[in-house]
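Structure, as structure tokens:
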Amino acid sequence: MSPALILIFVIAIYPVLQSMYFSLFDYKLNDPTKASTTRHYSLDLNRYLDNAPFLMADLKNDATKASGEPKATLTKINQQLTTIDNEIRKESGDRYNKVNDILNNYKTPSEKLSIVTISKSTAEAIQKATDQVTKQLKALNQNTKVLSNAKKDIGLASGLEDTLNKPNFIGLKHYAHFLKDSRMWAAILHTVVFTVISVAIEFVLGLAIALLINKAFFGRGLIRAAVLVPWAIPTAVSAMMWKYLYDGQSGIIAKFFEKIGLIHNMGTLLTTGDGAMFSVILTDVWKTTPYMALLLLAGLQVIPKSLYEAAAIDGANKWKQFLNITLPLLKLSILVSLLFRTLDAFRVFDLISVLTGGGPANSTETISIYAYKVMFSETDFGSGSALSVIVFICVAIISAIFVKLLGSDLLPEGSKK
């Protein structure tokens, strides 16, 4: 079992654990200070050495030219910066000089070399000092004009604030936010509506098709192959095909629905919330009903024909045979098909992404579409990972409900304790 367990861990369990880990951080790829997960304070020596030495040199020159209170203020600021510089040298060790030498040679140090971990006390001291220095320099420039390169020095002081990277570990804050997020609850509602309606229709149609193609008749093999064609077409291709069929100007299906009075005009299908939801459900039913029929057909073919013959001898009609033989013996196949399709429908992404993109006005946005937009469009991996974990929890709950309601009778008697 070891190879199977390793494969399951790598493919299924590890991504979930990684998503859970990322969801505990304010992890954003579009923000350099949050582009990695960290629980410690760190300093970018590259940025620091691009700012601090030049600022300290300018302030020292200005202090020698100034007199009175401005001179004392500049000297005090320089002492603050020197104290911070000594602490940074102490905590970074040899890396300080290495990064400085690389910069002096007009090269760029690696991130691994330039990012150093510092203590919380040092980080707080740096934050406090840089804030004070920036404010003092602005006040000096406004009141005394003692700074010879005021704009440059204030910019360097402000740049020092960006050299400090704070830990982005936030715990369960993402989950607390999404519990109050109306957009997430709307996405879950859309997902549930899509899942319940599409799976219910697919089950009824799939069972009817399975019962039909389970009978012996001329050309049965050809019919079975033809039924599976929609399911064999890639979902993205199916969605694009139906998008043309729903088109408000040239779509055949849109025109047909308008002719029979199902919609008022052809543009309704993809431009209104109800029309778009109806469209994605219809497309999913067309695409996935064959899969449901295939699973149910497999269950029908293992039911002994002798049971139907005995029931017919006892006078049971077709309806009674269906209720008392087919449905009870098909229960396992029904459980498997409904579980697989419900889980697949709840995680729907590609169909809606291609067909409507979650629109119009997010009316067909499912939880998976929402998670994708947050994670990849906004590059907010922390929030996106939290949404992915929420999807995983919902899927786990659905699985537990199915097994509890439909699968308990399938277990051996000794295990129902």
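Rg and Dmax of the range 116-247 over Cα atoms: what are they, in angstrom?
Cα radius of gyration and Dmax of the range 116-247 are 32.9, 101 Å respectively.
Semi-axes of the equivalent ellipsoid for the range 51-152, please: Cα gyration tensor eigenvalues, times 5, square-rooted, ordered largest first, whole Å.
28, 16, 11
Would you grab the residues whose amide H sits under 5 Å from the one on Arg347? Only those 5+ places off in sequence or on another chain, please, with H modelled 1.01 Å from N.
Result for Arg347 returns nothing.
Could you compute how fast the range 1-117 diffuses translationally, taking Rh as the Kirkwood radius over C-alpha pairs and applying Stokes-Einstein at 10 °C with viscosity 1.306 mPa s? Give it in µm² per second.
Estimated via Stokes-Einstein, D reaches 88 µm²/s.
Taking N as the number of residues in the range 275-363, what is its Cα Rg relative to 2.2 N^0.38 Å?
Dividing the Cα Rg of the range 275-363 by 2.2 N^0.38 Å gives 1.53.
Quick one: ranking Phe217, Phe257 by accessible area, 1.4 Å probe, largest first, what do you get?
Phe217, Phe257
Could you tell me the extents of the range 163-205's C-alpha atoms along the three principal axes, largest first, rounded to whole Å?
Cα spread of the range 163-205 along its principal axes, largest to smallest: 62, 17, 16 Å.
Ignoring everything but the protein chains, give the 1.4 Å probe accessible area of Arg95 in square angstrom, nearest 10.
That residue has around 70 Å² of solvent-accessible surface.
Over the chain, with a Gaussian network built from C-alpha contacts below 10 Å, which listed residue (Asn78, Asn168, Asn317) shows the highest mean-square fluctuation?
Asn317
Please turn the phi angles of the range 219-226 into ³J(HN,Hα) values with the Karplus equation 6.51 cos²θ - 1.76 cosθ + 1.60 (θ = phi - 60°), one per residue in order, whole Hz, x for glycine and proline.
x, 4, x, 5, 5, 4, 5, 5
Please give every one of the lysines within straight-line cross-link reach of Lys145, meaning a C-alpha to C-alpha distance under 23 Å, and leave out same-chain neighbours fewer than 8 residues apart.
Lys60, Lys65, Lys71, Lys76, Lys135
With all pairs of different alpha carbon atoms counted, what Kirkwood hydrodynamic radius in Å does the chain show?
27.4 Å
Calculate, in nm to one decimal, what Ala312 and Tyr106 gain on full extension: separation in residues at 0.36 nm each, minus their alpha carbon distance.
64.9 nm
Could you work out, for the range 197-267, what percent of all Cα-Cα pairs fall into each 10 Å distance bin, beginning at 0 Å and stopping at the bin that holds the largest distance?
Calculated P(r), rounded to whole percents: 17, 29, 37, 16, 1.
Out of the range 111-171, which trypsin sites (Lys or Arg not before Pro) are coil in DSSP terms and have no more than 14 other C-beta atoms within 10 Å?
Lys145
Skipping prolines and chain starts, which residues have an amide H placed within reach, meaning under 5 Å, of the one on Tyr41, given they are 5 or more residues away or on another chain?
Excluding prolines and chain starts, which carry no amide H, the hits are Ile118.
Which ³J(HN,Hα) values in Hz, rounded to whole numbers, follow from the phi angles of the range 127-133 under the Karplus curve 6.51 cos²θ - 1.76 cosθ + 1.60, where θ = phi - 60° and Gly and Pro get x?
Each residue's phi maps through the Karplus curve to give 4, 5, 5, 5, 4, 5, 4 Hz.
Cut-off 10 angstrom, C-alpha nodes, Gaussian network model of the chain. Which of Glu69, Glu258, Glu161 fluctuates the most?
Greatest mean-square fluctuation among the candidates belongs to Glu69.
Once the other residues with Cβ under 11 Å from the Cβ of Thr235 are scored (Lys, Arg +1; Asp, Glu -1), what is the net sum?
Charge balance near Thr235 sits at -2.
How far apart, in nm, are the 7 Å Cα→Cβ label points at Asn143 and Leu17?
Between Asn143 and Leu17, the simple spin-label model gives 5.9 nm.
If the cut-off is a Cα-Cα distance under 20 Å, which aspartates and glutamates reach Lys173, setting aside same-chain residues fewer than 8 apart in sequence?
Asp26, Asp31, Asp181, Glu378, Asp380
Using a basic spin-label model with each label point 7 Å from the Cα along Cα→Cβ, how many nm lie between Ser158 and His177?
So the label points at Ser158 and His177 sit 2.6 nm apart.
Leaving out ligands and nucleic acids, and using a 1.4 Å probe, what accessible area per residue does the range 173-255 come to in Å²?
59 Å²
With each run of n ≥ 4 DSSP H residues scored as -39500 (n - 2.57), what mean residue ellipticity at 222 nm is computed for the chain after dividing by its residue count and rounding to the nearest 500 deg cm²/dmol?
For the chain, the value works out to -21500 deg cm²/dmol.
Could you put Tyr308, Tyr96, Tyr106 in order of accessible surface area, largest first, with the 1.4 Å probe and the full protein assembly present?
Tyr106, Tyr308, Tyr96
Spelling out what I want: for every residue of the range 381-390, take phi, set θ = phi - 60°, compute 6.51 cos²θ - 1.76 cosθ + 1.60 (Karplus), and round to whole Hz; glycine and proline get x.
Those phi angles translate into 6, x, 5, x, 5, 4, 5, 5, 5, 5 Hz.
Divide, for the range 291-341, the radius of gyration over alpha carbons by 2.2 N^0.38 Å, where N is the residue count.
Details: Rg = 11.9 Å, N = 51, 2.2 N^0.38 = 9.8 Å.
So the Cα radius of gyration is 1.22 times the expected 2.2 N^0.38 Å.
Report the FRET efficiency, 1/(1 + (r/R0)^6), for Glu69 and Glu124, where r is their Cβ-Cβ distance and R0 is 30 Å, rounded to 0.05.
Working from the Cβ atoms, E equals 0.60.
If you take every residue apart from Pro70 with its C-beta less than 11 Å away from the C-beta of Pro70, what net charge results, scoring Lys and Arg +1 and Asp and Glu -1? List each step's numbers first, then the result.
Values: positive: Lys65, Lys71, Lys76, Lys145; negative: Asp62, Glu69.
Charge balance near Pro70 sits at +2.
So what does Met241 come to for accessible area, using a 1.4 Å probe and Å² rounded to 10?
Here the residue's solvent-accessible area equals roughly 70 Å².
Note down the relative contact order for the range 233-314 as a percent, whole number, built from C-alpha pairs under 8 angstrom at least six residues apart.
Relative contact order of the range 233-314: 19 percent.
Before anything else, pin down the relative contact order of the chain: Cα pairs under 8 Å, at least 6 apart, normalised by residue count, whole percent.
Value for the chain: 22 percent.
Once the other residues with Cβ under 12 Å from the Cβ of Thr33 are scored (Lys, Arg +1; Asp, Glu -1), what is the net sum?
Net of charged neighbours comes to -1.
Of Ser67, Ser383, Ser333, which has the largest mean-square fluctuation in a 10 Å C-alpha GNM of the chain?
Evaluated over the chain, the most mobile residue of the options is Ser67.
The values are calculated or read from the model by the stated rules, or taken from the named source; none is laboratory data. Bear in mind the structure is a predicted one, so any value in this text is a computation, not a measurement. Please note: Cβ atoms are built from the backbone with ideal geometry, for glycine as well, and neighbour counts cover all protein chains shown. Calculation scope for accessible area: heavy atoms of the full protein, side chains included, ligands and nucleic acids excluded. Shrake-Rupley method; radii C 1.70, N 1.55, O 1.52, S 1.80 Å.
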